[in-house]
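A quick write-up on the structure given underneath.
What follows draws every value from the coordinates through simple rules; no lab data is involved. Predicted model only: the values in this text are computed from it and were never measured. Neighbour counts are summed over all protein chains in view; Cβ atoms, including those assigned to glycine, are modelled from backbone coordinates with ideal geometry.
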Amino acid sequence: MFAMNVAGAHQRAMQVEALKALVNLVEVDEPTFRLLLRSHEKPTLVAGTTGFLWFRKHVYMTSYDGFVFLHRPEREIDLLPEAPDAVVVRAKSVHIPFL
């Protein structure tokens, strides 16, 4: 039984390493996130929440030059003035692989 747990842990560690190689996730502050939105002609903006119960946080993501930029403010914010032509995706929830 112990050998199977070790094998399972090793498998999970390999999956985590594969995710690290695939995801270029960068967390930025609000002014930087707004600047990124303004720098696109028609950006894609993903808006949703992460966490559970009283630990829920708002999450906003956009991509730029191969990176995914993430902003997690304490309160919901209006980003459409920065990007009026944005394609907005309202996600039910967002799962972020913090590795």
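Odds and ends about this structure:
- Sorted peptide list for 79-92, 39-52, criterion being average Cβ within 10 angstrom, highest first: 39-52, 79-92
- Across region 68-99, no residue has a backbone nitrogen under 11 Å from the label position 7 Å along the beta-carbon direction of residue 10.
- Distance between the 7 Å Cα→Cβ label points at residue 95 and residue 49: 1.8 nm.
- Largest first, the extents of the alpha carbon coordinates of region 24-90 on the three principal axes equal 36, 25, 20 Å.
- When both bridge partners sit in region 25-97, DSSP labels roughly 60% of those beta bridges antiparallel.
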